[in-house]
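Reading through the structure tokens given below for one structure.
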Amino acid sequence: MATPEVKSLFDVSVTTKEIIFRDEVDPSEWTADSWTSKVAAQAVQYADIDGLRQTCSLLRELPPLVSDWEVDQLRERLSHAALGSGFIIQGGDCAESFADVKWDIVKRKVDLLFAQSQILEEALQVPTTVIGRIAGQFAKPRSNLFETLPSGEVVHAFRGHNVNSEDPSEREPDHRRLLLGYMYSAAAQRMLRKMPLHLTSHASDGKKVEFSLFTSHEALHLPYEASLTHNRYNLSATTIWLGERTRQLDGAHIEYARGLRNPIGVKLGPTATPEGVVALLNVLADPMAVGKVTLITRLGRGRAQTVLPPIIDAVRRSGHIPLWMSDPCHGNTFSSPSGIKTRRLEEMLAELKETYTVHQACGSFLGGIHIEQTGDNVTECLDETVMGRDDEYLGTCYQSLCDPRLSRDQAIRLIEEFANFVRAVKGRERE
Ligand SMILES: O=C[C@H](O)[C@H](O)COP(=O)(O)O
Ligand SMILES: C=C(OP(=O)(O)O)C(=O)O
Ligand SMILES: [Mn+2]
């Protein structure tokens, strides 16, 4: 991939190659464990703290799941996307299941992502990079950390297979699951590396290029993430993100992430403020580190026009050049009449279009899409084709361990409709 000149866009007379690794930290101030002096939101409460320590010691000795050069390669791709010369499709389960680490299931998720990347590449006319929420998305933040069972018993909420089970009788956090999580992640990585190389045509010159799949997960469980951190690289995934519930400026998650060389995603909900976002960028990245941070907005339909422009403006004035991504899922979750968590495809599409339009109007780029989806035809999200029979439809094949995922067909439709929208916008611009 050619290294673009940055100066024409942002008055910086260097190339992305030269600037992407400008992210030094003072080693006397940051270590992979310096987060332990801060408050970790959503921390898992283990009864057996010594056991957790022993498990983490074992994890530290295990081989990395990805290589540092893969992390660097993704950073370069993200820096291109931040400058408008690339695009990212990131997707997968809300919470991966250990039981789904199987060739066919993973293959269908990967095929879906590559099908989406092809559609996006053709519409956007820029190389598209695929990132899976795969091979490690095993720890979840929750609105309520405890749950009252119908019997009246209060148990821990399900927190992802790295922590406990969805089965209400196995909710006590068990540190040994972290080792299982590592093993399942390694097995999934092995499968991803065995899958046939996906070839797709380079949109601008028709040349065939090879595409690889990068892995990602939410860096929620800091003892696990820190144990797999070596020489400032989190080698459990090529990129990690911090959730809307754990991105406190003075919190443990930001402290952990600020020293990493990996690209870092940060989810931004509708209460994000321009000052707050700039403060996060100042802590997480050198302004010269183009695309080091991905700002993943998940505002909910109808909010982009008011919430986003002042944030984009403040970020531009700060000198940072993050990658802007849209997660059209998490701001659009609601409960069906019978209390099932779901989302509507049409609302997600609306948020995507609004976000794209706002970036265009503000002179910045939407550089990626982040979606909860699966390669199977589950019935977890609604769309206009099932109107009027919501609860019956949701009851047919709802398998998610946490948030509702788009089915394969819905996920393709979302991307196709977004691609058609972009084509129409670009067509009007040419007229
Ligand atoms: O995936 C994100 C969160 O874990 C999820 O939205 C929380 O869902 P809850 O509100 O059911 O806890
Ligand atoms: C927890 C998630 O999202 P958010 O932090 O945006 O709510 C998620 O991506 O599953
Ligand atoms: Mn989710």
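Could you tell me whether L58 is more than 24 Å from the chain's Cα centre (by Cα), surrounded by fewer than 17 Cβ atoms within 10 Å (Cβ to Cβ), under 17 Å from H175 (Cα atoms) and in contact (Cβ under 8 Å) with a residue 40 or more places away in the chain? Let's see the steps before the verdict.
Working: more than 24 Å from the chain's Cα centre (by Cα): yes; surrounded by fewer than 17 Cβ atoms within 10 Å (Cβ to Cβ): yes; under 17 Å from H175 (Cα atoms): yes; in contact (Cβ under 8 Å) with a residue 40 or more places away in the chain: yes.
Judged against the criteria, L58 is a match.
Which one of D104, D68, D48 is away from ligand 1 (no atom under 16 Å from the Cβ) and without any contact (Cβ under 8 Å) to a residue 60 or more places away in the chain?
After applying the criteria, what remains is D104.
Give the residue that is farthest from K109 (Cα to Cα), with candidates limited to residues of the range 377-403 that are part of a loop (DSSP other than H, G, I, E, B) and in contact with a helix residue (DSSP H, G or I) (Cβ under 8 Å, 6 or more places away or on another chain). Steps first, please.
Narrowing the range 377-403 to residues part of a loop (DSSP other than H, G, I, E, B): 377-381, 383, 387-389, 395-403.
Retained after the next criterion (residues that are in contact with a helix residue (DSSP H, G or I) (Cβ under 8 Å, 6 or more places away or on another chain)): 377, 379-381, 383, 403.
Details: N377: 11, T379: 16, E380: 16, C381: 17, D383: 20, D403: 16 Å.
Per the stated criteria, the residue is D383.
Do the conditions hold for H359, that is, is it assigned to a helix (DSSP H, G or I) and either surrounded by 19 or more Cβ atoms within 10 Å (Cβ to Cβ) or at positive phi (or both)?
Yes.
Taking Y224 and the conditions (1) within 16 Å of ligand 1 (Cβ to nearest atom); (2) outside any loop (DSSP other than H, G, I, E, B), which numbered condition does it fall short on, given that it satisfies the others?
(1)
Yes or no: the range 3-17 includes at least one residue that is of a type in the set (S, T, N, Q), part of a strand (DSSP E or B) and modelled with pLDDT under 95.
Taking the range 3-17 and keeping what is of a type in the set (S, T, N, Q), we get 3, 8, 13, 15-16.
From what is left, the residues that are part of a strand (DSSP E or B) are 15.
Pick out the ones that are also modelled with pLDDT under 95 and you get 15.
Checked against the condition, which is being of a type in the set (S, T, N, Q), part of a strand (DSSP E or B) and modelled with pLDDT under 95, the range 3-17 yields at least one hit.
What are the residue pairs meeting all of these: first residue in the range 227-245, first residue at pLDDT 95 or above, second residue β-branched (V, I, T), Cβ atoms under 6 Å, and 6 or more apart or on different chains?
Y233/V71; N234/I240; L235/V66; A237/T215; T238/V66; T238/V71; T238/T215; L242/V266
Tell me, which residue of the range 330-342 that is farther than 20 Å from V293 by Cα and touching a Lys or Arg at 6+ places or on another chain (Cβ under 9 Å) is surrounded by the most Cβ atoms within 10 Å (Cβ to Cβ)?
Residue satisfying both the conditions and the ranking: G331.
Within the range 305-327, count every residue that is touching a strand residue (DSSP E or B) at 6+ places or on another chain (Cβ under 7 Å) and away from ligand 3 (no atom under 16 Å from the Cβ).
Qualifying residue count for the region: 4.
The values are calculated or read from the model by the stated rules, or taken from the named source; none is laboratory data. In this text the structure is predicted, and so the values were computed from the model without any measurement. Quick reminder, even Gly has a Cβ in these numbers, built from the backbone with ideal geometry, and neighbours come from all protein chains shown.
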